[in-house]
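Student: Encoded as structure tokens, here's the structure I'll be asking about.
The values are calculated or read from the model by the stated rules, or taken from the named source; none is laboratory data. All of these numbers come straight from a predicted model, not from anything done at the bench. Every residue, glycine as well, gets a Cβ built from its backbone with ideal geometry; the counts of neighbours run over all protein chains shown. To get the accessible areas, we keep the full protein, side chains included, count just its heavy atoms, and leave off ligands, DNA and RNA. Shrake-Rupley method; radii C 1.70, N 1.55, O 1.52, S 1.80 Å.
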Amino acid sequence: MITRLVSVAEGERLTRSIAIGTHMLTADEPEPSGADAGPTPGELLLAALGSCTSMAVRALAERRGWRLDRVDVAVRFGGQGRIVKNVGLTGELDPAQREQLLAAAGRCPVHRLLTREMTIVTVPALLAEPEGVSPAQPLSP
């Protein structure tokens, strides 16, 4: 999985500015803890899984030339540490095609990342910032 550097800068209260290449996002918590200026970190995780799932299903349908008119994915946290992912497929698909597309939904890179054992290493960093540039702003070359 190819990724760009993701940097996160503090805002007011729990609001965070997220920079991913040239893209800017906002994460926050609902009131009263935060200002509800954006999705929560958990919701961003679910969005990553849902969008990756949709892309994997669409890519397989296009490679095979199948009539997939629409793919809808709804993702939520379930009980007992589960993530529930509903995948809706609309189009002229036979049962075998639907089965293969649903199998692809479980093979997207984010799904595989979340279901395998992983180690996360936290490294302390001393950030030296150029004058007038916040950590979430991309630096010019």
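Student: With +1 on the Cβ of every Lys and Arg and -1 on the Cβ of every Asp and Glu, and nothing else charged, how large is the dipole of the chain about its Cα centre, in debye rounded to the nearest 20?
Tutor: Using Cβ point charges on Lys, Arg, Asp and Glu, the chain gives about 780 debye.
Student: Just GLY81, GLY38, GLY65 to compare: in a GNM of the chain, with alpha carbon springs under 10 Å, which one fluctuates most?
Tutor: Among GLY81, GLY38, GLY65, the largest mean-square fluctuation in the Gaussian network model of the chain belongs to GLY81.
Student: So, one more: Quick one: angle between helix 41-64 and the longest Cα principal axis of the chain, in degrees between 0 and 90, rounded to 10, please.
Tutor: Helix 41-64 sits at roughly 40 degrees to that axis.
Student: In the chain, with Lys and Arg counted as +1 and Asp and Glu as -1 at Cβ, which of these residues, PRO124, PRO41, GLY78, has the Cα nearest the positive end of the dipole, that is, farthest along it?
Tutor: GLY78
Student: What is the Cα centroid distance between the stretch 1-37 and the stretch 102-124, reported in whole angstrom?
Tutor: 21 Å
Student: Find out how many positive minus negative residues lie around SER54, taking Lys and Arg as positive, Asp and Glu as negative, among other residues whose Cβ is under 12 Å from that of SER54.
Tutor: +2
Student: Helix-derived [θ] at 222 nm for the chain: sum -39500 (n - 2.57) over DSSP H runs of at least 4, divide by residue count, nearest 500?
Tutor: The helix-only estimate for the chain comes to -9500 deg cm²/dmol at 222 nm.
Student: Would you tell me the accessible area of ASP69, worked out with a 1.4 angstrom probe on the heavy atoms of the protein chains, in Å² to the nearest 10?
Tutor: Rounded to the nearest 10, the figure is 90 Å².
Student: Report the rotationally averaged projected area of the stretch 7-91 based on its alpha-carbon convex hull, in square nanometres.
Tutor: Approximately 7.6 nm², given one-decimal rounding.
Student: Considering only protein heavy atoms and a 1.4 Å probe, what is the carbon-and-sulfur percentage of the accessible area of the chain?
Tutor: It is 55 percent, rounded to a whole number.
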